[in-house]
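The values are calculated or read from the model by the stated rules, or taken from the named source; none is laboratory data. Small disclaimer: the values here were computed from a predicted structure and weren't measured. Please note: Cβ atoms are built from the backbone with ideal geometry, for glycine as well, and neighbour counts cover all protein chains shown.
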Amino acid sequence: MERPSPLPDHTHVRQAIVVAVRAGVPVLLWGPPGEGKSRTVETLAEALGWHSETVVGSIREAADFAGLPERTPGGIVLHAPRWAHRCSEAERSLLFLDELTTATPPVQAAMLRVVLDREVGDLRLPDTVSIVAAANPPEQAADGYDLAPPLANRFCHLWFQADVNLWCDGLESEWSEVVNPQDPIEVDQVTAAAVRADWRRLVADFIRLHPDALRDQVTVETGSTAWASPRTWHMACRLGAEAELSGVEAEVIHLLLAGTVGEGAGIELLDHYRNRRGFDELRSMLDTDDGTFPTGMSPLWLHAALGSIVDLVAAELSEARWSRGIRRLVEAAETYGPDVVVTALEELLRLRKPDWVLPDGIASFGRYLDQVGE
């Protein structure tokens, strides 16, 4: 993974790690040697109060992940190593796969089932085990190997490089404050389920609009980090929902999405998310006088938002709701121009009852009012 420019805010990176760990999505930290990746993961486990296990790929063999075979009367049994049993037996565990790019290709292949299927030999790791990995870029790793695309596609990729001020704070506090995860926001199960379902619809809607984004054309050179596939889009659903439930900033959501489906697709999905949230704002602004029409919408979503105003007003038609709808179109016209909103305006005016008063500001649409006989 190439060093991004500019570097992401280190606080946002740490928050993204916590979100991924809580969501149960494997996360891979890329960065130069000696930046504190291992210490950060260890401190995170301590702060969460979880059991942690560190497994270094360069000193392991494929059997340490695929299981050591033993012939028994009942067939071949694949025994999992003790580290896997300790993770499985603890109440909550963090499995840290360190020095990933120093693992040989056969070891990387054996890790595939561990990272995605959570299986070590015949032992299945429970959902209480979260997976974090760390890697140096191959050119900076001792006897480094490129990450195989199938393994890379199982992670959310984040670039990790120590922040000067945070490193100094950590040194003074003996690293007790390297990662200080906030307590998750308390939400009821119904709300959490609704947010997760909303993210699944959000991603499905995005892919329907952009079907070519479902999968990238991947080579060994381009597939060692984040790239789009049906698997990673599903991971993006889980990360987006967990990030929203955690109340993190949009910059953290961007890191998680870009680290899962790639930078370009991640930015487009984040725009899609923001525009969809704009629709929620529109619904509330038709029920109250609070807020104004969202700015910065793409042409595609602006058209959809204007159509949504008409649909929402028509679904629960009343003078107050209709009047607010007209005012929102006036606000949209001030930002995007009257030509953009004229179709929606005509449709709302056709819904008007004879005794309903036109709201202030609509006079600026004089020639459009003439066209519809007002």
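The figures follow:
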{"quantity": "Matching residues in region 58-106 - criterion: being closer than 29 Å to Glu139 by Cβ, of a type in the set (Asp, Glu) and out of contact with any strand residue (DSSP E or B) (no Cβ under 6 Å at 6 or more places or on another chain)", "calculated": "Glu61, Asp64"}
{"quantity": "Any hit, region 293-308, residues being over 17 Å from Asp360 (Cβ atoms), surrounded by fewer than 18 Cβ atoms within 10 Å (Cβ to Cβ), more than 29 Å from the chain's Cα centre (by Cα) and in the same structural domain as Val357 (by TED's automatic domain parsing)", "calculated": "no"}
{"quantity": "Residue satisfying condition, being of a type in the set (A, V, I, L, M) and either surrounded by fewer than 15 Cβ atoms within 10 Å (Cβ to Cβ) or not in a helix (DSSP H, G or I) (or both), within set Leu312, Leu286, Leu317", "calculated": "Leu317"}
{"quantity": "Residue count, region 71-86 (criterion: surrounded by 13 or more Cβ atoms within 10 Å (Cβ to Cβ) and either within 26 Å of the chain's Cα centre (by Cα) or farther than 23 Å from Ala47 by Cβ (or both))", "calculated": "7"}
{"quantity": "Neighbours by Cβ (under 6 Å, 6+ apart or cross-chain): first from region 241-270, outside any helix (DSSP H, G or I); second surrounded by fewer than 20 Cβ atoms within 10 Å (Cβ to Cβ)", "calculated": "Gly247/Ile185"}
{"quantity": "Residue match in region 73-92 (condition: among the hydroxyl-bearing types (Ser, Thr, Tyr), in the same structural domain as Pro149 (by TED's automatic domain parsing) and touching a Ser or Thr at 6+ places or on another chain (Cβ under 9 Å))", "calculated": "yes"}
{"quantity": "Subset of region 238-251 [buried (at least 24 other Cβ atoms within 10 Å of the Cβ) and not charged (D, E, K, R)]", "calculated": "Leu239, Gly240, Ala243"}
{"quantity": "Candidates Glu89, Glu46, Glu2, Glu42 - the one that is among the charged types (D, E, K, R) and either over 25 Å from the mean Cα position of the chain (by Cα) or modelled with pLDDT of 95 or more (or both)", "calculated": "Glu89"}
{"quantity": "One residue from His254, His272 being over 18 Å from Ala333 (Cβ atoms), touching a Gly at 6+ places or on another chain (Cβ under 7 Å) and of a type outside the set (A, V, I, L, M)", "calculated": "His254"}
{"quantity": "Which numbered condition Leu68 misses (of (1) crowded, with 17+ Cβ neighbours inside 10 Å; (2) modelled with pLDDT of 85 or more)", "calculated": "(1)"}
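Residues are listed down the side, and each one gets a yes or a no for (1) within 21 Å of Ala162 (Cα to Cα); (2) in a loop (DSSP other than H, G, I, E, B):
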residue: Arg71; (1), (2): no, no
residue: Leu78; (1), (2): no, no
residue: Ala84; (1), (2): no, no
residue: Glu91; (1), (2): no, yes
residue: Phe96; (1), (2): yes, no
residue: Thr101; (1), (2): yes, no
residue: Val107; (1), (2): no, no
residue: Arg113; (1), (2): no, no
